[in-house]
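For reference, the structure is listed below as structure tokens.
The values are calculated or read from the model by the stated rules, or taken from the named source; none is laboratory data. All of these numbers come straight from a predicted model, not from anything done at the bench. So basically every Cβ, Gly included, is an ideal-geometry build from the backbone, and we count neighbours across all protein chains shown.
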Amino acid sequence: MDKYIIRGGKQLHGQVEISGAKNAAVAIIPAVLMVNGVCRLENLPQISDTDKLLHILSLMGAKVRYINPGTVEVDCSHVYLSDDIFPLTRQIRASYYLIGSMLGRFGRARTTMPGGCNFGVRPIDQHVKGMKALGASIGIARGLITAETGGSGLGGARIYLDKVSVGATINVMIAAVTAKGRTVIENVAKEPHIVDVANFLNSMGADVRGAGTDVIKVRGVEALHGGTYSLIPDQIEAGTFMTAVAAAGGEVQLNNVIPRHLECISAKLREMGVSVTEYGDSIVVKRDRPLERVNVKTQPYPGFPTDMQPQITAVLCQAEGTSVVTEGVWDNRYKYVNELRKMGAEITVSGKTAIIEGGRKLTGAPVAACDLRAGAAMVVAGLCAEGLTVVEDVVYIERGYQDLVGKLRSLGADIVSVSEPDLPDAPAEADAG
Ligand code: EPU
């Protein structure tokens, strides 16, 4: 297992390119299954989740061709259902999008319950509700999900989601694209990647309107055709670099971003005394003075993203005074707090609230990445901690961040990725740090 070793205390300076959006990519790749033809995807992030999803498509008969590292062509002209995908579908959350795309393409679906980060219970009842409303019968038994449409295919319906859910919104939207008639999905999520998936589907011939508002309307089309689509930049990767600069200090220009998508993060950082300047498709983040305390509540977009909650908490450990973070999306997203405590953080968690007593210098320590964003928070904390931080289980981080170590190194951070056999003394050094 690889680990990251970080010697904290180096300011960050320079420019960094933000990659394509992970949570758009992991929905668009399954949706490609609906396309009868060749689909060219550009600005795809090179992360293990996208690699696995492309592998899943190839196990279903798709021809996958890498044109260059961020561009891939997928030909789904001759695809079929295959149980060979199960070991992979179990590993990733986004495999649930295969339910919608398989139903749309084959009129039936076979996949496993999804994997992914563990934030307590992660139900898929709203996905199931949506598919049933479109006319599918769904069975879930022994970790396997099966769905059928009984030969008549899916039909448009009016669906109200009881919970604002990114996954259910996208899944039902994908399935509705080739359902007969008109589908109206109400109380939907509005994240930038939802708009991106809708734009992808429309560029392949779908008729989806309203993505980015509370109601999405889909008029079913016969079939999707091939085409080229370039993904939006990753809001959360950009936000993570913004918090890295806030934590370590310095001045960094982030390129290939959509500043509007970052407003919820920029506003909070400005409140903390960080300067954020927006340009057309870049922003400059500068931190040259002590950080001020703030309260943060995570909410569905356009609120502060839950996927930035661990990183902002790591930064708030350094802000003078007491900050309160409230998690508004997941039941249990504070497991990483124990790891931050190993570095000297003073955080009390009560239910969905974390109280951070800031102004304490963090000290390097051996810590684990409990999940993707928790791992990113460990890196952010390590960048400003005194001494050596060793982050273990970085496989979680690499699910969602393209070359995090290389990008941080290019900004002047002292961070390396090492494989277990290369690491004789580092943990002991970290203990001493
Ligand atoms: N929920 C239900 N029923 C459902 C679906 C969701 O009750 O059928 C609840 C969840 O328990 C949660 C809330 O609704 O309390 C929101 O869940 P959502 O469905 O929006 O989450 P998701 O689709 O499983 C995606 C991202 C997560 C991100 C959330 C929220 C992907 C693959 N995952 O998950 O991203 O935290 O939306 O924005 O897109 C990450 O990137 O690190 C990550 C975990």
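Look at region 106-121: where a residue is in contact (Cβ under 8 Å) with a residue 40 or more places away in the chain and under 16 Å from Gly153 (Cα atoms) and a partner is more than 16 Å from the ligand (Cβ to nearest atom) and outside any strand (DSSP E or B), sitting 6+ places away or on another chain with Cβ atoms under 8 Å, you get Gly107/Thr149; Gly107/Gly151; Gly107/Gly153; Gly107/Leu154; Arg108/Leu81; Arg108/Met102; Arg108/Thr149.
Listed here are the residues, each with its yes/no results for (1) aliphatic (A, V, I, L, M); (2) crowded, with 19+ Cβ neighbours inside 10 Å; (3) modelled with pLDDT of 95 or more.
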| position | (1), (2), (3) |
| --- | --- |
| Leu57 | yes, yes, yes |
| Met60 | yes, yes, yes |
| Val74 | yes, yes, yes |
| His78 | no, no, yes |
| Ile92 | yes, yes, no |
| Ser95 | no, yes, yes |
| Leu98 | yes, yes, yes |
| Met113 | yes, no, no |
| Ala133 | yes, yes, yes |
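The C-beta contact set for region 317-330 (first residue assigned by TED's automatic domain parsing to the domain that holds Arg341 and over 13 Å from Ala354 (Cα atoms), second residue modelled with pLDDT of 95 or more and within 14 Å of the ligand (Cβ to nearest atom), distance under 8 angstrom, 6+ apart or interchain) comprises Val329/Thr298; Val329/Gln299; Val329/Pro300; Val329/Thr306; Trp330/Thr306.
Could you identify the single residue in Leu44, Leu88 that is under 19 Å from the mean Cα position of the chain (by Cα), among the aliphatic types (A, V, I, L, M), in a loop (DSSP other than H, G, I, E, B) and within 16 Å of the ligand (Cβ to nearest atom)? Among Leu44, Leu88, only Leu44 is under 19 Å from the mean Cα position of the chain (by Cα), among the aliphatic types (A, V, I, L, M), in a loop (DSSP other than H, G, I, E, B) and within 16 Å of the ligand (Cβ to nearest atom). Within region 147-195, restricting attention to residues that are of a type in the set (D, E, K, R) and not in a strand (DSSP E or B), the residue that is farthest from the ligand (Cβ to nearest atom) is Lys190.
As a summary of the residue check, Asp49 satisfies the conditions (1) crowded, with 17+ Cβ neighbours inside 10 Å; (2) more than 16 Å from the ligand (Cβ to nearest atom); (3) within 18 Å of Asp403 (Cα to Cα) except for the one numbered (2).
Does Ile67 satisfy the criteria of being surrounded by fewer than 18 Cβ atoms within 10 Å (Cβ to Cβ), at pLDDT 95 or above and either more than 16 Å from the ligand (Cβ to nearest atom) or part of a loop (DSSP other than H, G, I, E, B) (or both)? The answer is yes for Ile67.
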